[in-house]
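A.B. asks: Shown below is the structure under consideration.
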Amino acid sequence: MRIAVIGGGPAGLAFAATARLSGLSAEVTVYERNRVEDTYGFGVILPSAALDTLRPTDPGTADALAGELVEWDEVTVHRGERPLSVGAPRLGALSRRTLLTALRRRCAELGVRVEEGAAAPGPDALAEAHDLVVAADGAGSATRTAWADRFGTETERTAPDYVWLGAERAFPGLTFLVADTAEGPVVAHTYPYAPDRSTFLVEVPGGGGLPDTAGLARLFAEPLAGARLLENRSRWSRFLQVRNTAWSHRNVVLLGDAAHTAHYSIGSGTRLALDDATALAGALCSEGSLPAALSAYEERRRPAVEHTQRIGRASADWFAGLAGTGGGAPEAFLLELLTRGGRISLGDLAAEAAGTAPVGTVTGSG
């Protein structure tokens, strides 16, 4: 097979490497507009269990990424005078740049050609010249947009407004910082991805005035404890929910965020991307024809994806509804957050983290 991959993010690169390892293709080309060093954002959540899914087909990449993970098994809420922590399924994170560098290196070792710095040709041209075109060009996929009627695409921007920042300190695991303002709670989702760095994603549930980075640093001055907030193509936005009634058309197939998105508050995007990549390569190897393989890929992945999207939407709705809520008891707020007001079960959260540890007893810390 001659395979073209549009998009050099985690989904596209992981699929390209797996396709070469499995002997699917003598020629795989990845088209990516940006260089690795130009990637946006900071750390991304990646549970070690996601690497267990990748390891049977690409143990080298799985082991390399496992060595970069910063892991934790606690969730902390810092609201008011003291933080509260609770045991939770084990999660981990690493730098988005580190993840892409490792995947790009693996592709180079396996003979994948990466064309960077320019947009890919249109899907019609690529489909004509290749046996398979994999559209892994993200939530804003130009490929999907060009053929939206064929994929049955539905998109929606959902509240609240958020901005993706970093912090020059490692918070102890997944930590929700809540700053109460006159307009309602402002929430920072933070987690460590390096010994001295954390992702610091801030939501303003009320949708009122959107503070700049300096204003957010003042608002969260106490938990930041002098650490700087960092920007990297950071801007206020709203989450883009993506759904498609079909994930393939002819010899073009959607992968990762191009096919589906799940709200960032449940931290499943990178895991879904890697799982998609493994599943697509597996279907191409096991089925007797390309139409059968693309159908099998979607059939195997869609139930898990739609389950994750339902949990993500429930989580997003809970955070969006925080505007105008009072302080309340910290213990009650922590329980509300863990179950998103009863919308999500603790079992769902454990399954999304791909872990087995039970949620423990709420304890005070600090």
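A.B. asks: Which residue out of GLY208, GLY215, GLY166 is modelled with pLDDT under 95 and not hydrophobic (A, V, I, L, M, F, W, C)?
C.D. replies: That would be GLY208, the only listed residue that is modelled with pLDDT under 95 and not hydrophobic (A, V, I, L, M, F, W, C).
A.B. asks: Considering only strands (runs of 3 or more DSSP E) fully contained in segment 1-94, which possess at least 1 residues that are of a type in the set (Lys, Arg) and under 30 Å from GLY288 (Cα atoms)?
C.D. replies: Fully inside segment 1-94 and qualifying: 2-6.
A.B. asks: Would you confirm whether or not segment 272-295 contains a residue that is farther than 24 Å from THR61 by Cα and modelled with pLDDT under 95?
C.D. replies: Yes.
A.B. asks: State which residue is most open to solvent (accessible area, probe 1.4 Å) when the search covers only segment 18-41 and only residues that are in contact with a Phe, Trp or Tyr (Cβ under 9 Å, 6 or more places away or on another chain) and modelled with pLDDT under 95.
C.D. replies: Only one residue tops the list, namely TYR40.
A.B. asks: Out of all the residues in segment 281-295, is one or more over 17 Å from the mean Cα position of the chain (by Cα), open to solvent by less than 50 Å² (accessible area, probe 1.4 Å) and at positive phi?
C.D. replies: Taking every residue of segment 281-295 in turn, none turns out to be over 17 Å from the mean Cα position of the chain (by Cα), open to solvent by less than 50 Å² (accessible area, probe 1.4 Å) and at positive phi.
A.B. asks: Given the criteria in a loop (DSSP other than H, G, I, E, B), open to solvent by less than 30 Å² (accessible area, probe 1.4 Å) and closer than 30 Å to VAL28 by Cα, does ALA262 qualify?
C.D. replies: Criteria met by ALA262.
A.B. asks: For segment 58-77, how many residues are farther than 30 Å from VAL186 by Cβ and open to solvent by less than 60 Å² (accessible area, probe 1.4 Å)?
C.D. replies: Residues flagged as farther than 30 Å from VAL186 by Cβ and open to solvent by less than 60 Å² (accessible area, probe 1.4 Å) within segment 58-77 amount to 7.
The values are calculated or read from the model by the stated rules, or taken from the named source; none is laboratory data. This one's a predicted model, so the numbers in the text were calculated from it and none came from an experiment. Quick reminder, even Gly has a Cβ in these numbers, built from the backbone with ideal geometry, and neighbours come from all protein chains shown. For the accessible areas, the whole protein counts, side chains as well, though only heavy atoms, and no ligand, DNA or RNA atoms are used. Shrake-Rupley method; radii C 1.70, N 1.55, O 1.52, S 1.80 Å.
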